[in-house]
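Asker: This is the structure I have questions about; it appears just below.
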Amino acid sequence: MNVRHTLICFFFLSLQDGSPISVYKRTEGQDMSIYCTFSSSGNIRFFCKNECKEKGDLLIETTNVTAQIGRYRIEYETVEPKAYVSVSISQLTKSDSGRYRCGLNRSLSSESFSDFEVIVVDVILYGNPPKVKTFHKTTGDDLILQCYSILSGTRRYFCKEQCEDKDILVETTGVSAERDRYSIRYEKASPSGGFVYVNISQLTRSDSGLYRCGLSTSFSPDPYQEFRLVVTDALTTSQPISTLPIHGWLLYLVVPVGIIVIISVLALTVICFWRRYKPNGLNTGENSDGINMKVVPDCDYENFSPNSKY
Ligand SMILES: *[C@@H]1O[C@H](CO)[C@@H](O)[C@H](O)[C@H]1NC(C)=O
């Protein structure tokens, strides 16, 4: 649930139209590198999440020319009179989506930092059908995709399978909309066209199918992009633990059976030797009470004789 709310927050936080900050889109697993340009140099270079106000927002602060902490990296370069701070994040995940700040001097002067936004999506769709890509996700995941059209339409929609009226999952004539587990957001691209972002949260297996994001335009047919989604169950993380009881159970079965087999073999061996070497006269097969004592199965030892070639 938290993930879902975070994503929806991220969707609506990013709505302020005409906000001057740059937005960079990347897909999961990609690396990202962004240059911030300054009109003068500075001794301290920093890279923050958000506005550097919260504890933990400061990703890197350094006086060196390059510095790296985990997946975050900062590089500094001057070409007089300008200074450049390059900030990078490697192996992007969706939780890297958000606002960032890169800067110099750690001063509050707006000349000394610049903000940008990163949106990490699963899928960026370009081009028109019939190119239908297939994407695999596991249950419980969220899916964020970006569709792009060189045309800008009045209505943006996201639909499944045949895309008749009942198949419309979420649509908007404005900037964004949300319905059940689906949300949609539109961003105008310059000089023409636009991006449609679609989010499905908390995927289930029944979400598998063919999807389409489209724009209603005065052209016919509407420009749209399609993709196929396959949702499979997540591998349970408890799997190594759940195999343990099976091993334990096997142990309970195998050990007693093994012991019984060993005891039986030993007993048979002892009895066969006893039968082989006991006095001949007593080999009647009956005891004094007339009860047949020959309960021991025949064994090869009986066929052995001291003269045998074996
Ligand atoms: C950083 O601080 C130095 C010294 O105070 C100043 O000359 C320079 O202009 C500052 N740079 C930026 C980008 O604010």
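Asker: Once amide H atoms are built 1.01 Å from N in the peptide plane, which residues 5 or more positions from THR139, or in another chain, come under 5 Å H to H?
Answerer: THR232, ASP233, ALA234
Asker: So, for region 72-149, what is the accessible surface per residue at a probe of 1.4 Å, expressed in square angstrom? Can you show the working numbers first?
Answerer: Details: 3580 Å² over 78 residues.
For region 72-149, the per-residue accessible area is 46 Å².
Asker: If you plug each phi of region 59-68 into the Karplus form 6.51 cos²θ - 1.76 cosθ + 1.60 with θ = phi - 60°, what whole-Hz ³J(HN,Hα) values come out, in order, with x for Gly and Pro?
Answerer: Listing the rounded values in order: 8, 8, 9, 8, 9, 7, 6, 9, 7, 9 Hz.
Asker: Same structure again: Excluding ligands and nucleic acids, what accessible area in Å² is computed for TYR35 using a 1.4 Å probe, to the nearest 10?
Answerer: 150 Å²
Asker: Just by accessible area at a 1.4 angstrom probe, what is the order of ILE74, ILE263, ILE44 from largest to smallest? Please list the in-between numbers first.
Answerer: Values: ILE74 0, ILE263 100, ILE44 55 Å².
Sorted descending by solvent-accessible area, the residues read ILE263, ILE44, ILE74.
Asker: Still on this structure, I have one more. Could you please report the charge total around TYR148, scoring K, R as +1 and D, E as -1 over all other residues with beta-carbon less than 15 angstrom from its beta-carbon?
Answerer: Values: positive: LYS25, ARG26, LYS131, LYS133, ARG156, ARG185, LYS188, ARG212; negative: ASP122, GLU187, ASP222, GLU226.
Local charge sum for TYR148: +4.
Asker: Still on this model: Convert 10 °C to kelvin, take the viscosity as 1.306 mPa s, use the Kirkwood radius over C-alpha pairs of region 75-211 as Rh, and evaluate the Stokes-Einstein diffusion coefficient in µm²/s, rounded to a whole number. Could you put the intermediate results ahead of the total?
Answerer: Numbers: Rh = 17.7 Å.
Value of D from the Cα-based Kirkwood radius: 90 µm²/s.
Asker: With every protein chain kept in the model, how would you rank VAL175, VAL65 by accessible area, 1.4 Å probe, largest at the top? Walk me through the numbers on the way to the answer.
Answerer: Working: VAL175 55, VAL65 90 Å².
From most accessible down to least: VAL65, VAL175.
Asker: Hey, another quick one. If you plug each phi of region 172-186 into the Karplus form 6.51 cos²θ - 1.76 cosθ + 1.60 with θ = phi - 60°, what whole-Hz ³J(HN,Hα) values come out, in order, with x for Gly and Pro?
Answerer: Residue by residue, region 172-186 yields 7, 9, x, 8, 7, 7, 9, 8, 6, 8, 10, 9, 9, 9, 10 Hz.
Asker: Net charge near GLU226, counting Lys/Arg +1 and Asp/Glu -1 over other residues with Cβ under 13 Å of its Cβ?
Answerer: Working: positive: LYS131, LYS133, LYS160, ARG212, ARG228; negative: GLU161, ASP167, ASP222.
Cβ neighbours under 13 Å give a net charge of +2.
Asker: Applying the Karplus parametrisation 6.51 cos²θ - 1.76 cosθ + 1.60 with θ = phi - 60° to the phi angles of region 208-223, what ³J(HN,Hα) value in whole Hz is obtained for each residue in order, glycine and proline being reported as x?
Answerer: Rounded to whole hertz, the list is 4, x, 9, 10, 9, 10, x, 10, 8, 10, 6, 8, 10, x, 4, x.
Asker: Where does the Debye-calculated log10 I(q)/I(0) of region 156-238 sit at q = 0.16, 0.25 Å⁻¹, using only Cα point scatterers of equal weight, no solvent?
Answerer: Log-scaled intensity ratios, in q order: -0.65, -1.33.
Asker: Taking all protein chains together and a probe of 1.4 Å, list TYR76, TYR148 from the most accessible to the least accessible. Intermediate values should be presented prior to the final figure.
Answerer: Working: TYR76 30, TYR148 60 Å².
Largest accessible area first, the list is TYR148, TYR76.
Asker: Considering only protein heavy atoms, what is the solvent-accessible area of VAL261 at a probe of 1.4 Å, reported in Å² to the nearest 10?
Answerer: Spelled out: VAL261, probe radius 1.4 Å, area about 80 Å².
The values are calculated or read from the model by the stated rules, or taken from the named source; none is laboratory data. This is a predicted model, so every value here is computed, not measured. Using ideal geometry, Cβ is built from the backbone for each residue, glycine included, and neighbour counts are taken over all protein chains shown. What goes into the accessible areas is simple: the full protein's heavy atoms, side chains included, and nothing from ligands, DNA or RNA. Shrake-Rupley method; radii C 1.70, N 1.55, O 1.52, S 1.80 Å.
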